[in-house]
Amino acid sequence: MNKAITKPRLIWALVLNALVLPGSGHVMLGHRVLGTSISIIVVALLFVCLASYISSYVHAMSNLSLNADSISSTLAALSGAYRENLALIKGSVIVIALAWLFGIVDILVRIHRYGRNTEMEQK
């Protein structure tokens, strides 16, 4: 059920969106489709980046010889995996940042509307 939207709930929704997971505050306010969509996008992008990076790293490590210097080889594999996935990582960071920003701005707009509606009711 959708609970009454109060200013403290809006503040908690803002904190959830900003610090926990983008979209979680919207779910708390009862906007389940919007909140879940934002959260799924963010988690999916994180998963895709991590899976792609790990795949590149494992592939680079499998091509190393057993006699190679382990520390420098590992660092080279990590660096190569990062360079190989840099465009995906940058794109994902931009989309996640935009989703995070949208969630915060949307909740701030709702807080502003709540304050304006409260003033109108008092007149």
Quiz prompt | Simple spin-label estimate for Leu64 and Ser79 in nanometres, 7 Å along Cα-Cβ | solution = 1.3
Quiz item: Among Val95, Asn63, Val105, which residue has its Cα positioned farthest towards the positive end of the charge dipole of the stretch 7-116, with +1 placed on the Cβ of Lys and Arg, -1 on the Cβ of Asp and Glu, and the dipole taken about the Cα centre?
Solution: Val105
Exercise. Taking the chain as the reference, fit the longest principal axis to its C-alpha atoms, fit the long axis of helix 86-122 to the helix C-alpha atoms, and give the angle between the two in degrees, 0 to 90, nearest 10.
Key: 10
Exercise. Could you please state, rounded to a whole Å, how far the C-alpha centre of the stretch 13-34 is from the C-alpha centre of the stretch 84-110?
Key: 14
Quiz item: Once you charge only the Cβ atoms, +1 for Lys and Arg and -1 for Asp and Glu, what is the size of the charge dipole of the chain about its Cα centre, to the nearest 20 debye?
Solution: 640
Exercise. Could you list the trypsin sites (Lys or Arg not before Pro) in the stretch 1-100 that lie in coil according to DSSP, counting only those with at most 11 other Cβ atoms within 10 Å of their Cβ?
Key: Lys3
Quiz item: In degrees between 0 and 90, to the nearest 10, how far off the longest principal axis of the chain does helix 32-62 point, with axes built from Cα atoms?
Solution: 10
Quiz item: With each label point set 7 Å from Cα along the Cα-Cβ vector, what nm distance links Ile11 and Leu50?
Solution: 3.3
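Read-outs throughout are calculated quantities, based only on the coordinates presented, and are distinct from any laboratory measurement. Nothing here was measured: the structure is a model prediction, and the numbers come from that model. As a convention, Cβ positions derive from the backbone with ideal geometry for all residues, glycine included, and neighbour counts pool all protein chains shown.
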